[in-house]
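The values are calculated or read from the model by the stated rules, or taken from the named source; none is laboratory data. None of the values given here were measured: they were computed from a predicted structure. Reconstructed Cβ throughout: ideal geometry from the backbone, glycine too, with neighbour counts over all protein chains shown. Side chains are part of the model used for accessible areas, which takes the heavy atoms of the whole protein and leaves out ligands, DNA and RNA. Shrake-Rupley method; radii C 1.70, N 1.55, O 1.52, S 1.80 Å.
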Amino acid sequence: MTDQHGTIDSHPLDTETYPPSAEFAAQASLNDSSVYWRAAEDPENYWAQEARKLQWSRPFTETLDWSNPPFAKWFADGTLNVAANCLDRHLAAGLGDRVAIHFEGEPGDTRTITYAELTHEVKRAANMLTSLGVKQGDRVAIYMPMIPEAIVSMLAVARLGAIHSVVFGGFSAESLRARIDDAQAELVITADGGNRKGRVSALKPTVDDALALQNGTELSVKRVLVVQRTGNDISMQEGRDLWWHEEITSYDGEHTAQAFPAENPLFILYTSGTTGRPKGILHTSGGYLTQASSTHRNVFDLKPETDVYWCTADIGWITGHSYVVYGPLANGATQVVYEGTPETPDWGRWWQIIEKYGVTILYTAPTAIRACMKVGRQVPEQHDLSSIRVLGSVGEPINPEAWRWYRDVIGAGTAPIVDTWWQTETGAMMISPLPGLTTLKPGSAQVPLPGISIAVVDDEGNAVDRGQGGLLVVQRPWPSMVRTIWGDPDRFVETYWEKFGDQYFAGDGARLDEDGDIWLLGRVDDVMNVSGHRLSTTEIESALVGHHAVAEAAVVGASDETTGQAVVAFVILKSQQHLLTPEEAEQELRGHVAQAIGAIARPRQVFVVNELPKTRSGKIMRRLLRDAAEGREIGDTTTLADTAVMQTISLRMRSDQ
Ligand code: WTA
């Protein structure tokens, strides 16, 4: 039952398949599977064609320069302006009156912004930034709530050929300062506050704290621009801080976009690597915009004239960069931007927004879907969601249970689900079904997108056979790939390229099924080794969540004298299941996992908890659970959304042991 790498193979993660409906396939823009082999025959040519759908000031003549691996150059002799591709280009095509953004504030305020209006605002902001000294190559930190000015700021920075570094508004003063220091940003754009969970979350005071930190480095920041959003009381430092709404009045909407080389840096986005300093992932212009827009169009079967698209990600994450800002706007899409959280004022909010704007494409994360499942289907069922035609998932593997709920309850049992695998480093989607072509398998991201070469390899870098597991690698350069780690090219080489030479090491485990479809198994650092068998945390979590009593589950490998590692599970039970005692639940669930996957996967312990420790982006912090499971002092909890969670869990475990 195990293959040569010890991957458990007895558990068919899911066998049910869902071909596209004839109706969907007939209207899909991509419904001829020859796109795959045509792209595979000549990937560079495929990407060159996709790139030519953008507007180039000087057309490129060379597609890929891979003469100095792993430092790729795409379309290097071409020039373009990224912001003009997202704005002016659509005006020139007569689309100025199309809605770009339906903004919905958490308190219920709304704004409708057309492409003409968005272009006007970005041009004014670009003029304002120019007068503040921002020019090509300068770094601007953006620490904002999900409001239109956040998008305007990013595009204005891009328009000037400068580099933005968006820092998620939930990060602490220290994290913000570390990112400002690393990028040597001279300007910070922020807001007084944002609305979250019915309260004002103050942002400007955190910026003040970040800039006041005495950490031994000289402060690079000269100016702070502050958008007024919530009206909370803040202090403005004379000579440094400026109100956006006061400044902007001096600037008009005339601004001619200058063209920059395709490899001009566009942004730095920090990822919270497992240890040490965050990594500043650097993306550039032409290749990034090509793949962000191409995948947004193809994977969602976008019809810009009629679709209303909504990606629930915050712009502080890569998903917000590629699939709120650059992909949709380059494609001239109409989208919803929502400031707040799904449970404010109640769990009906998202569904109410979908009904109100007639959202046709929804892109969100499994963790959100599971939270909604926990609340129950009766909530979305109170709303008319019939406009939905495509559903997307990103960020972690989606367990089949959540997949089916998503399709049945949100997608009327018919909407295709595109499970998109990619990373901050890949810049855009890499593995995903195409909704008009792929026969879907719940829980699998399935196939590399056209023009992308992915393999699952063993430790030596050799491709594994179907039915086997290993490590996920990208075999050829792709347009939106990370170009380097800001200021640390050695770390770039070490982290991603040293292991397999010219193949990019993604850090994810994966398995190929008998059809050659790819199943992501989580980060390789989350893969356990129990009695010499490799077990996936994801696979066990999926089994647990497949039990009718379980709402959410996290699994870690805790060191064990006998077996090397042992499976320890933490579960949240569905609300009506609290009648089960923790002992009964543990026994039931251990047996359930053994039955679903094999005796080898039977958890040593199952702890019933009320919350799981999650980062602010919703990822479960297994490292902390591992500490708790191994009876160690709990490590660094500063990136947790709720730091009290770990205390409760440790107490709960101590009382159990
Ligand atoms: C995980 C988010 C399985 C994966 C865009 C990856 C996924 C990491 C999926 C990157 C998916 C993302 N199925 N796993 N569809 N999407 N991941 O940089 O482990 O925040 O390496 O980028 O999320 O997370 P990041």
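Quick notes on this structure:
- Cross-chain or 6+ apart pairs with Cβ under 7 Å, the stretch 460-489 first and farther than 27 Å from Glu44 by Cβ, then among the hydroxyl-bearing types (Ser, Thr, Tyr): Gln468/Thr7; Gly469/Thr7
- Residue match in the stretch 358-371 (condition: out of contact with any Lys or Arg (no Cβ under 6 Å at 6 or more places or on another chain), farther than 23 Å from Phe24 by Cα and modelled with pLDDT of 95 or more): no
- Taking the criterion of being farther than 17 Å from Pro261 by Cα and acidic (Asp, Glu), the only residue of the stretch 129-170 that qualifies is Glu149.
- Check on Glu305, out of contact with any helix residue (DSSP H, G or I) (no Cβ under 9 Å at 6 or more places or on another chain) and assigned to a loop (DSSP other than H, G, I, E, B): yes
- Which listed residue is among the small types (Gly, Ala, Ser), part of a loop (DSSP other than H, G, I, E, B), under 16 Å from the mean Cα position of the chain (by Cα) and under 14 Å from Met154 (Cβ atoms), from Gly320, Gly316: Gly316
- Condition check for Asp182: at negative phi and out of contact with any Phe, Trp or Tyr (no Cβ under 7 Å at 6 or more places or on another chain): no
- Residue selected from the stretch 256-279 under the condition at pLDDT 95 or above and not aliphatic (A, V, I, L, M), by the criterion most open to solvent (accessible area, probe 1.4 Å): Thr256
- Helices (runs of 4 or more DSSP H) enclosed by the stretch 16-74 - at least 1 residues per element that are closer than 30 Å to Glu401 by Cα and at pLDDT 95 or above: 22-27, 34-41
Rundown of residues vs (1) away from the ligand (no atom under 13 Å from the Cβ); (2) on the phi > 0 side of the Ramachandran plot; (3) open to solvent by less than 30 Å² (accessible area, probe 1.4 Å); (4) not in a loop (DSSP other than H, G, I, E, B), yes/no style:
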site: Pro450; (1), (2), (3), (4): yes, no, yes, no
site: Val456; (1), (2), (3), (4): yes, no, yes, yes
site: Gly461; (1), (2), (3), (4): yes, yes, yes, no
site: Leu471; (1), (2), (3), (4): no, no, yes, yes
site: Trp478; (1), (2), (3), (4): yes, no, yes, no
site: Phe492; (1), (2), (3), (4): yes, no, yes, yes
site: Asp502; (1), (2), (3), (4): yes, no, no, no
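- Unmet criterion (only one of (1) within 16 Å of the ligand (Cβ to nearest atom); (2) within 25 Å of Pro603 (Cβ to Cβ)) for Leu544: (1)
- Pairing residues of the stretch 306-318 that are over 15 Å from Glu104 (Cβ atoms) with residues that are more than 11 Å from the ligand (Cβ to nearest atom) and among the acidic types (Asp, Glu), at Cβ distances under 9 Å and at least 6 apart in sequence or on separate chains, gives Asp307/Asp301.
- Considering the stretch 324-412, the qualifying helices (runs of 4 or more DSSP H), each wholly inside and each with 2 or more residues that are within 15 Å of the ligand (Cβ to nearest atom) and either farther than 24 Å from Met144 by Cβ or in contact with a helix residue (DSSP H, G or I) (Cβ under 7 Å, 6 or more places away or on another chain) (or both), run over 366-375, 400-405.
- Residue satisfying condition, being of a type outside the set (Lys, Arg) and out of contact with any strand residue (DSSP E or B) (no Cβ under 9 Å at 6 or more places or on another chain), within set Gly509, Gly436: Gly436
- Pro12 vs. criteria at pLDDT 95 or above, open to solvent by 70 Å² or more (accessible area, probe 1.4 Å) and either farther than 24 Å from Leu302 by Cα or under 26 Å from the mean Cα position of the chain (by Cα) (or both): no
- Residue identified as closer than 28 Å to Asp182 by Cα and out of contact with any Phe, Trp or Tyr (no Cβ under 6 Å at 6 or more places or on another chain) among Trp422, Trp403: Trp422
- Applying the criterion of being charged (D, E, K, R) and modelled with pLDDT under 95 to the residues of the stretch 168-186, the residue that is surrounded by the fewest Cβ atoms within 10 Å (Cβ to Cβ) is Glu174.
- When the stretch 421-435 is filtered for residues that are open to solvent by less than 10 Å² (accessible area, probe 1.4 Å) and in a loop (DSSP other than H, G, I, E, B), the ones remaining, listed by number, are Thr426, Gly427, Ala428, Met429, Met430, Ser432, Pro433, Leu434, Pro435.
- A Cβ distance below 7 Å, combined with a sequence gap of six or more or placement on separate chains, defines the contacts here; from the stretch 512-525, residues that are without any contact (Cβ under 8 Å) to a residue 12 or more places away in the chain reach no residue that is among the aromatic types (Phe, Trp, Tyr) and more than 10 Å from the ligand (Cβ to nearest atom).
- Some residue of the stretch 301-315 being among the aliphatic types (A, V, I, L, M) and closer than 21 Å to Leu64 by Cβ: no
Quick grid of which residues meet (1) touching a His at 6+ places or on another chain (Cβ under 6 Å); (2) surrounded by fewer than 16 Cβ atoms within 10 Å (Cβ to Cβ); (3) assigned to a strand (DSSP E or B):
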{"site": "Val188", "(1), (2), (3)": "no, no, yes"}
{"site": "Val200", "(1), (2), (3)": "no, no, yes"}
{"site": "Gln214", "(1), (2), (3)": "no, yes, no"}
{"site": "Leu225", "(1), (2), (3)": "no, no, yes"}
{"site": "Arg229", "(1), (2), (3)": "no, no, no"}
{"site": "Ile234", "(1), (2), (3)": "no, no, no"}
{"site": "Gly239", "(1), (2), (3)": "no, yes, no"}
{"site": "Glu254", "(1), (2), (3)": "no, yes, no"}
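- Positions within the stretch 345-393 being open to solvent by 20 Å² or more (accessible area, probe 1.4 Å) and among the hydroxyl-bearing types (Ser, Thr, Tyr), in sequence order: Tyr357, Thr367, Ser386, Ser387
- Residue selected from the stretch 575-603 under the condition assigned to a loop (DSSP other than H, G, I, E, B) and open to solvent by 80 Å² or more (accessible area, probe 1.4 Å), by the criterion farthest from Thr424 (Cα to Cα): Leu579
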